[in-house]
1. Of 22, 39, which residue is surrounded by fewer than 22 Cβ atoms within 10 Å (Cβ to Cβ), assigned by TED's automatic domain parsing to the domain that holds residue 137 and free of Cβ contacts under 8 Å to residues at least 24 places away in the same chain?
2. For the stretch 42-62, name all the residues that are under 25 Å from residue 121 (Cα atoms), in contact (Cβ under 8 Å) with a residue 40 or more places away in the chain and out of contact with any strand residue (DSSP E or B) (no Cβ under 6 Å at 6 or more places or on another chain).
3. For the stretch 215-224, name all the residues that are in a helix (DSSP H, G or I) and either at pLDDT 95 or above or within 16 Å of residue 163 (Cβ to Cβ) (or both).
4. Going through the stretch 64-109 one residue at a time, which ones are crowded, with 16+ Cβ neighbours inside 10 Å and touching a helix residue (DSSP H, G or I) at 6+ places or on another chain (Cβ under 6 Å)?
5. Which is within 20 Å of residue 18 (Cα to Cα), surrounded by 19 or more Cβ atoms within 10 Å (Cβ to Cβ) and assigned by TED's automatic domain parsing to the domain that holds residue 205, of 123, 147?
6. Checking the conditions here, which among 71, 15 is modelled with pLDDT of 95 or more, touching a strand residue (DSSP E or B) at 6+ places or on another chain (Cβ under 9 Å) and part of a loop (DSSP other than H, G, I, E, B)?
7. From 137, 131, grab the single residue that is farther than 16 Å from residue 105 by Cβ, surrounded by fewer than 19 Cβ atoms within 10 Å (Cβ to Cβ) and out of contact with any helix residue (DSSP H, G or I) (no Cβ under 6 Å at 6 or more places or on another chain).
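The values are calculated or read from the model by the stated rules, or taken from the named source; none is laboratory data. No experiment lies behind these values; they were computed from the predicted model shown. No Cβ is skipped: glycine too gets one built from the backbone with ideal geometry, and neighbour counts run over all protein chains shown.
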């Protein structure tokens, strides 16, 4: 089945999950939901990341009891995998977001008997944004600036790290008026070490070649160069 159909089928299955207060879709599917859904999707990714405020976990679990077609992975209960009862779904990953985090670079385990998950400090950069309507389902998205900055803080290496940076590029390509200024304002609040990490990753992004199923970085160098110029002004 075509990726778009699998994505839509999964969105339909988790439609109640996305009614949880404060929940937003994060990660590589966001550029797809930001794009006109009838056209080409910029990113092919076989999972959906759901960022959950720690204070909303109880509400989320009530919705999970209604969920059909997915089950917790035996190895990692925060990753819900297709159980075969609904055809052609993709994985759903639940990750924790704490708006009161003090260290952006930290991560910790949210210890819950039903839904233990990692809480990532960088997800505190996400703020609720627009709601996309995908085949009749409301999909809450974060503001583009915070998600792009979170992806530029990636400390992963290899293909996964490159994909994170290309997701950041896909979001940069969809920036509207004021989004770059918002990213730079958030960037300026980071520690000097984290600002250098973002600048380093943006430099890597400016040199990347393309990957299958991802945006073409060569075509969009101008977006990255504009970002680098603005970032460098805040590090100097």
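1. Values: 22 fails: free of Cβ contacts under 8 Å to residues at least 24 places away in the same chain.
Exactly one of 22, 39 is surrounded by fewer than 22 Cβ atoms within 10 Å (Cβ to Cβ), assigned by TED's automatic domain parsing to the domain that holds residue 137 and free of Cβ contacts under 8 Å to residues at least 24 places away in the same chain, namely 39.
2. If the condition is that a residue be under 25 Å from residue 121 (Cα atoms), in contact (Cβ under 8 Å) with a residue 40 or more places away in the chain and out of contact with any strand residue (DSSP E or B) (no Cβ under 6 Å at 6 or more places or on another chain), then 43, 45, 46, 57, 61 are the ones that fit.
3. Residue satisfying the conditions is 224 alone.
4. The answer is 69, 89, 90, 96, 97, 98, 101, 104.
5. Going through 123, 147 in turn, the sole match is 147.
6. Working: 71 fails: part of a loop (DSSP other than H, G, I, E, B).
From the options 71, 15, the qualifying one is 15.
7. Just a single option satisfies the conditions, and that option is 131.
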